[in-house]
Amino acid sequence: MDMETKDKHIRRLVDKYFEGRTSLDEEKELSEYFRGGEVREEFRRFAPLFAFRDACAYRQAMPERKSWTRPKAVRLLVAAAAAAAVVCAVVIPRSFSKDHEAETGVISPACMAENLQRVMELGGNGISSLSAKPAGNAALVTATMADGTVKTYIMTCDDGEGSASFIALNE
Amino acid sequence: MTDENDDKILSQKTGSSVYICRMEGKTLENTLGSIRPRLLFYATRLLHDASQAEDIVQDAVLSFLGSLDKGTEIRNRESFLMRTVRNACLDRIRYGSVRVTVPVEELKSSGPAVQGEREAELSDQVALVARMVEKMPENYRSIFILRDMMGYELSEIAQMMDMKEPAVRKALSRARMQIRETLMEP
C-alpha cells in the first residue's frame with residue numbers, strides 16, 4: 001500500500017472510529033498504526049487517545065509471554081502509562097551485568113529475564129505469568145496474578161544504587 | 001476430581017453456601033473463573049476503589065448463584081453479571097460512598113520521569129484523555145470502558161446495559177467525540 005492510499009485508509013478508519021462504526025479488528029489496526037510511531041501530522045492529535053486505550057486496556061488472563069516492540073513505540077506507551085498511573089513503587093536489588101545497557105541504552109533480554117525471575121520469586125505462587133516490553137532503560141511489565149487479575153508495572157533501573165524499581169500502574 | 005470437590009471449590013471461590021446443581025458445578029466454576037477478572041476490571045474502572053469493587057463483584061456472584069438456585073433462567077451469564085455489577089456501582093456512586101474522580105495531576109506528578117519533550121507532551125495529553133473519561137456521563141463512560149478498554153462487541157454492550165445497539169453506537173460515538181473535540185482544541 002503506498003503512502004497516499006494508506007493515509008486515505010487511516011483517515012477513513014479514524015472517521016469511522018469517531019462515528020462508533022469501526023469493528024474491533026479495525027480498532028486494533030488503528031491502535032497498531034498509532035503504536036507504530038510513524039503517525040502523519042493530521043492524525044497526531046489523536047495519538048493520546050490511542051495511547052490511553054493501550055495503557056488502560058484490559059489484558060486477557062494469559063498474555064503472550066514476551067513480546068518485543070520497537071523502542072520508539074514502547075516509549076510512547078510508557079509515557080501514556082505514566083500519565084494514567086497509580087503509583088506504588090517496589091524496589092528490589094539488581095545484580096545483573098550492565099554492559100548491554102551501557103552500550104545500547106536499552107535493557108538487555110538477560111537483564112529483564114533476571115528481574116522478572118526475581119519478581120516471580122518475590123510473588124511466590126501469587127503470580128502465574130509475566131511479560132515485558134523494553135522501553136529504553138525501562139520496561140513495561142505485565143503480571144498475570146493467580147486470581148486472573150492483571151497488573152502493569154514500569155520497571156526502571158538505578159545504576160547508582162544497583163536496584164530496579166517497579167511502579168504499579170493499576171493498583 | 002469429584003463432583004463434591006467441584007462444589008466445595010466453587011463455594012470457597014464465591015463464599016457461597018448456596019446449593020449448586022452438581023451437574024453444573026464445573027461449568028459454573030469455569031464461567032466464574034473467566035468472567036470474574038473482567039467484572040473486577042469493570043467495577044474498578046467505574047469506582048476507582050479496588051476494595052469496594054471486590055465487594056461488589058462478590059455480591060454480584062452471590063446474587064447470580066442465588067438466582068440460579070431459585071431456578072431463574074439466565075441466558076447470558078456474562079451480561080447478567082456485568083449488568084449486576086454496573087447497577088451496584090451506580091448505587092455506590094449515587095450514595096456518594098466512593099470517589100469517582102482520579103486526581104490525575106497528582107498521579108502524573110508522582111509518575112516516573114519520561115524522556116524527552118515529545119513524550120512529556122504526550123503524557124500530558126494522555127492525562128487529559130483520562131480526565132475526559134472521568135468527566136463523561138456515566139453511561140458514556142461505561143460504554144467507553146466496555147468497548148475501548150475491554151473490547152466488547154456493541155451487541156454485547158447493548159445486552160449488558162439494557163439498551164438497543166444503535167443507542168449504544170450513538171453513545172459511544174458521543175463519548176469518543178467529546179475526547180476528539182478536546183484534543184482538537186488549540
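To the nearest 100 Å², how much accessible surface do chains B and A hide from each other in total, with a 1.4 Å probe?
3600 Å²
If I model a spin label at A:D7 and B:L90 as a point 7 Å from the Cα along the Cα→Cβ vector, what separation in nanometres do I get?
Modelled inter-label distance: 4.5 nm.
Determine the sum of side-chain charges near A:F50: Lys and Arg each +1, Asp and Glu each -1, restricted to other residues whose C-beta is under 10 angstrom from that of A:F50. Could the numbers behind the result be given before it?
Working: positive: A:R35, A:R53; negative: A:E27, A:E32, A:D54, B:D148.
Cβ neighbours under 10 Å give a net charge of -2.
Distance between the C-alpha centers of region B:30-71 and region A:1-58? Whole Å please.
Spelled out, the Cα-based centre of one part sits 33 Å from the other.
Quote the accessible area belonging to A:E42 in square angstrom, nearest 10, computed with a 1.4 Å probe and with ligands, DNA and RNA left uncounted.
Accessible area, nearest 10 Å²: 90 Å².
Please give the residues from region B:120-167 for which the solvent-accessible area of heavy atoms, probe 1.4 Å, is smaller by at least 50 Å² with all protein chains in place than with the chain isolated.
Flagged in region B:120-167: B:L122, B:V126, B:R147, B:D148, B:M149.
Enumerate the amide H contacts of A:S128 below 5 Å, restricted to partners 5 or more residues apart or on another chain; note that Pro and chain-start residues carry no placed amide H.
For A:S128, the qualifying residues are A:T144, A:M145, A:A146.
The values are calculated or read from the model by the stated rules, or taken from the named source; none is laboratory data. Computed from a predicted structure; not experimentally measured. Cβ: placed from backbone, ideal geometry, glycine included. Neighbour counts: every protein chain shown. Areas reflect the complete protein model, heavy atoms only, side chains present, ligands, DNA and RNA absent. Shrake-Rupley method; radii C 1.70, N 1.55, O 1.52, S 1.80 Å.
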